[in-house]
Amino acid sequence: MTRRYALVVVAILAAGCSSAPPERQVVDDAAAALGGASRIQALTSLQITGSGSAPNAGQNRMPDDELPVWKVTEHTRAIDLANGRTRVQQFREAQFQFAGATTQRVTQGLDGVVAYNAAPDGTLTRAGEAAARDRRVELLHHPITVVRAALDPAAKLANPRAEGGMQLVDITTALGDTVTLAIDQSTHLPSRVVSMSDNANMGDVAIVTMFSDYEEVEGVKLPRKLTTMMDKYLQFDLQVSKNAVNGNVADLAAPDNVKSAPAPTPPPVVVTVEPVAKGIWWLAGSGNHRSVVFEFDDHLVLYEVPVNEARSKAVIDKARTLSPKPLTTAIVSHHHFDHSGGLRVAVAEDLTIVTHRANEAFFKDLLARPHTIVPDALQMNPKAAKFEWVDDQMTLKDKSMEVRLYHLLDNTREGTNIYAYVPRDRILVQADLYDASWNQHLWGENVLTNLSERKLRIDRDVPVHGVIEPFAQMVKTIKAKPTIAGTN
Ligand SMILES: [Zn+2]
Ligand SMILES: [Zn+2]
């Protein structure tokens, strides 16, 4: 070879390399590392079997404690790559004190843009649009599916960049879903997929799945470990026991009756009013999170702003119809996400937050977080929060009303829980201490000990979950039901 000819070859090779734009190069490199674009595009199916753990964010005893964990003993995901269908089946066991069924089987499917769920008896029903969107994006949290989606000529690739030993590229799929793919700078194997999502409590959160421990199966590289984080919390840690490709996946299509059914929309928020005693109202209605309004001389106080902004705003609006006195205060029973989902809207509505002092750092963080994906009232109209911290107890009292607040002590599940007692009417107002419909009352004896040590004389339980009951019935139910985990 002459020197001149060699230079020409080098020039052609260099031209060949630079012909792919850098965003495309990331995808091509990933495809090559995984076994080649044509091999990946020719795959018809994937079957992933394994086990792992799935922690429950926002349900720990104290805001900084370890999260309670579901142990996923069986996890099977079947993916029909050619038709954009998937089904995930899981069997999970609660590793924490849980009042509901401590073993659960979950089956969720996706057929194109139609999401569906399976009941324990196998009946399939259509799930809502939000579930379909979430599952479409979740399906992209795997090296093969994300690279296939990126190789689709209809996909848009953008913003190639280097970060922490990885090459990153943003991918907008043909269906309009956006994820970021990161590949390892040296091996070129996908190291993670990131998507942004809205969480009612935490606002904008990154969902990140990290891939590791790759193995080769029939000419393609597949990860044996997939670790998914939601923001700072571990969401699912999957250890794969078997990766299979091109196997016979069962028919994953949604049946015609599921496809033709309209996607269910979230049920409307309904707030009903039930007077409990003079100047005390129980706000129930849709869902199973109730609130209680107390009327003082010149203002109203609300116990509990639960679930999310929609529920809590409706409750706040309803409370304001009960009296011309201003609603000034929201007592937040504890930090669990379903009980603090209205924290931000309560601040946006100028309510002073009364809660246990141990929630301070956690609540201030929730109030400071951006909610740009689904802007909420506080995002659109930022306000400084006003807090009153409860330690062991606090009494709210004037000529019209006396409400005593107590911290629930030594409870294995509820570390920041504040319940209320109205001495005039002998009413207990509580969240998560007791619900008549629970399968078991694992911390019921602790609750009864708390109430008797505070020397409360209670006639009625006015709960956040469940129904108003005579206190004697509550005691009877706690004492009658088994208190051993797993009996449900
Ligand atoms: Zn709770
Ligand atoms: Zn609850």
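The values are calculated or read from the model by the stated rules, or taken from the named source; none is laboratory data. Note that the coordinates shown come from a computational prediction; the quantities given were computed from them, not determined experimentally. No Cβ is skipped: glycine too gets one built from the backbone with ideal geometry, and neighbour counts run over all protein chains shown. Accessible surface areas use protein heavy atoms only, side chains included; no ligands, DNA or RNA. Shrake-Rupley method; radii C 1.70, N 1.55, O 1.52, S 1.80 Å.
Residue count for the stretch 402-428 satisfying the condition of being within 16 Å of ligand 2 (Cβ to nearest atom) and farther than 22 Å from Met62 by Cβ: 1.
The set of residues in the stretch 57-115 being more than 15 Å from Asp251 (Cα to Cα), among the small types (Gly, Ala, Ser) and surrounded by fewer than 16 Cβ atoms within 10 Å (Cβ to Cβ) consists of Gly100, Ala101. Can you find a residue in the stretch 469-486 that is open to solvent by less than 40 Å² (accessible area, probe 1.4 Å) and in a loop (DSSP other than H, G, I, E, B)? Looking for residues that are open to solvent by less than 40 Å² (accessible area, probe 1.4 Å) and in a loop (DSSP other than H, G, I, E, B), one finds none in the stretch 469-486, hence no. Under the condition of being β-branched (Val, Ile, Thr) and under 29 Å from Gly122 (Cα atoms), which residue from the stretch 258-286 is farthest from ligand 2 (Cβ to nearest atom)? Per the criteria, the residue is Val258. Looking at the stretch 255-272, is at least one residue on the phi > 0 side of the Ramachandran plot, surrounded by fewer than 18 Cβ atoms within 10 Å (Cβ to Cβ) and either part of a strand (DSSP E or B) or among the acidic types (Asp, Glu) (or both)? Within the stretch 255-272 (the criterion being on the phi > 0 side of the Ramachandran plot, surrounded by fewer than 18 Cβ atoms within 10 Å (Cβ to Cβ) and either part of a strand (DSSP E or B) or among the acidic types (Asp, Glu) (or both)), the answer is no, since none of the residues qualifies. Considering only residues in the stretch 287-310 that are within 16 Å of ligand 2 (Cβ to nearest atom) and open to solvent by 10 Å² or more (accessible area, probe 1.4 Å), the one that is farthest from Glu469 (Cα to Cα) turns out to be Asn308.
Among residues of the stretch 414-441 being open to solvent by 20 Å² or more (accessible area, probe 1.4 Å) and either at pLDDT 95 or above or under 16 Å from Val475 (Cβ atoms) (or both), the one that is farthest from ligand 1 (Cβ to nearest atom) is Arg424.
Does Asn450 fit the bill of being over 27 Å from the mean Cα position of the chain (by Cα) and either modelled with pLDDT of 95 or more or open to solvent by less than 10 Å² (accessible area, probe 1.4 Å) (or both)? Yes, satisfied.
Close Cβ contacts (under 9 Å, 6 or more residues apart or on different chains) running from residues in the stretch 412-423 that are over 17 Å from Glu388 (Cβ atoms) to residues that are of a type in the set (Ser, Thr, Tyr) and more than 13 Å from ligand 2 (Cβ to nearest atom) comprise Tyr421/Tyr406.
Would you confirm, using the coordinates I've provided, whether Thr352 is more than 16 Å from ligand 1 (Cβ to nearest atom), open to solvent by less than 30 Å² (accessible area, probe 1.4 Å) and more than 18 Å from Gly203 (Cα to Cα)? In short, yes.
Condition first: assigned to a strand (DSSP E or B) and free of Cβ contacts under 8 Å to residues at least 60 places away in the same chain. Can you find one or more residues in the stretch 430-447 that meet it? No, every residue in the stretch 430-447 fails to be assigned to a strand (DSSP E or B) and free of Cβ contacts under 8 Å to residues at least 60 places away in the same chain.
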